[in-house]
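The values are calculated or read from the model by the stated rules, or taken from the named source; none is laboratory data. The structure displayed is predicted, hence computed values, not measured ones. Heads up, the Cβs are rebuilt from the backbone with ideal geometry, glycines too, and the neighbour counts pull from every protein chain shown.
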Amino acid sequence: MINKSRSSELLIEYLSSIKGGVGVAFSGGVDSTYLLRMAKDACVGQVVPFLLVSPFLSGKERTWAHSIANGIGLPLREVPWYPFDFHCIWENGSNRCYYCKYAMYHELWSICREYGISNLLDGTQLDDLNSDRPGLKAIHELSVKIPLVYCNLNKNNIRRLSAKLCLPTWDRHSQSCLATRVITGTFITQNLIKKIESAEELLTDMQMGNTKFCVEGNSAYLEVSEEERLDVEGQWTKIQGFLQNIGFRYLYLRIKV
């Protein structure tokens, strides 16, 4: 069992040892929020949170990230990038996440240098090492630091420590970019991303924000837990009509195992 108290002490020691300015890749999620708060408290140099903004980031997540960073007392600096400039991203092969992360962090490093920042931190945590995350290779190749991993912190530790700090993200569900809704092999287009964002706004408005939305070709899938199934089925006519109206021809309901 990981000793979360000792891990947080190690994180403070690590962050306080960093020389020079620090940039934090920030999303407003559980991990990057905890990292930013700890960096603010422990780092001796300048700490700047950066939000990578692209069509893959929903407007809702963009607004949320700004509100969380402002609450910590470190306003976000936005870094725009454009994934559709890279065929290796929009073609959506098995390494799409690697190319995405590489392009994002390559751009972010350029901005950090303009700010005179020599350290770039990412909120990857211990559990991420056990999942399929091709982007971790890009993080390593671009010399991005991952302090939560170095200090043995996993998701449960981070949630508990975040709750102690009264961070509003402590119990937030994991979020991912809009491109992750597209099954490998289906080309990612600007129009498709807009459709996905519209569909997820509908589900959120219907209080079904935990329902996973996936796209493959011109088919859309809703993945729900057994507990959510009756709610979704009860609203299926409305959901179906909306999704067909924005261009999804075939609709399916899947139960999460």
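A few notes on this one:
- Only one entry of Thr184, Thr169, Thr189 meets the criterion of being β-branched (Val, Ile, Thr), farther than 24 Å from Asn119 by Cβ and in contact with a Ser or Thr (Cβ under 6 Å, 6 or more places away or on another chain), and that entry is Thr184.
- Hey, Ala103 free of Cβ contacts under 8 Å to residues at least 40 places away in the same chain and either closer than 23 Å to Ser58 by Cα or part of a loop (DSSP other than H, G, I, E, B) (or both) or not: yes
- Within the range 201-238, the set of residues being of a type in the set (Ser, Thr, Tyr) and either without any contact (Cβ under 8 Å) to a residue 40 or more places away in the chain or in a loop (DSSP other than H, G, I, E, B) (or both) comprises Thr211, Ser219, Tyr221, Ser225, Thr237.
- Ser198 small (Gly, Ala, Ser), surrounded by fewer than 17 Cβ atoms within 10 Å (Cβ to Cβ) and either within 20 Å of Glu61 (Cβ to Cβ) or not assigned by TED's automatic domain parsing to the domain that holds Gly20 (or both): yes
- Members of the range 173-194 found to be assigned to a loop (DSSP other than H, G, I, E, B), in contact with a Cys (Cβ under 9 Å, 6 or more places away or on another chain) and β-branched (Val, Ile, Thr), listed by number: Ile183
- Residue check, Gly241 under 16 Å from Ser198 (Cβ atoms), loosely packed, with under 13 Cβ neighbours inside 10 Å and over 26 Å from the mean Cα position of the chain (by Cα): yes
- Only residues that are of a type outside the set (Gly, Ala, Ser) and within 16 Å of Asp205 (Cα to Cα) were counted in the range 234-257, giving 8.
- Flag for Ser17 being of a type in the set (Gly, Ala, Ser), under 30 Å from Lys194 (Cβ atoms) and at pLDDT 95 or above: no
- Residue tally, condition among the hydroxyl-bearing types (Ser, Thr, Tyr) and modelled with pLDDT under 95, over the range 139-172: 0
- Condition check for His173: out of contact with any Leu (no Cβ under 7 Å at 6 or more places or on another chain) and without any contact (Cβ under 8 Å) to a residue 12 or more places away in the chain: no
- Of all the residues in the range 39-63, those that are in contact with a helix residue (DSSP H, G or I) (Cβ under 6 Å, 6 or more places away or on another chain) and more than 21 Å from Trp109 (Cα to Cα) number 2.
- Verdict on Ser176 being loosely packed, with under 15 Cβ neighbours inside 10 Å and not hydrophobic (A, V, I, L, M, F, W, C): yes
- Scanning the range 53-76 for residues that are closer than 18 Å to Tyr34 by Cα and either touching a strand residue (DSSP E or B) at 6+ places or on another chain (Cβ under 6 Å) or outside any helix (DSSP H, G or I) (or both) turns up Ala65, Ala69, Gly73, Leu74, Pro75, Leu76.
- Test: residue in the range 142-158 that is under 26 Å from Asp85 (Cα atoms) and not assigned by TED's automatic domain parsing to the domain that holds Trp109: no
- Filtered residue count, the range 39-52, keeping only those that are in a helix (DSSP H, G or I) and without any contact (Cβ under 8 Å) to a residue 60 or more places away in the chain: 3
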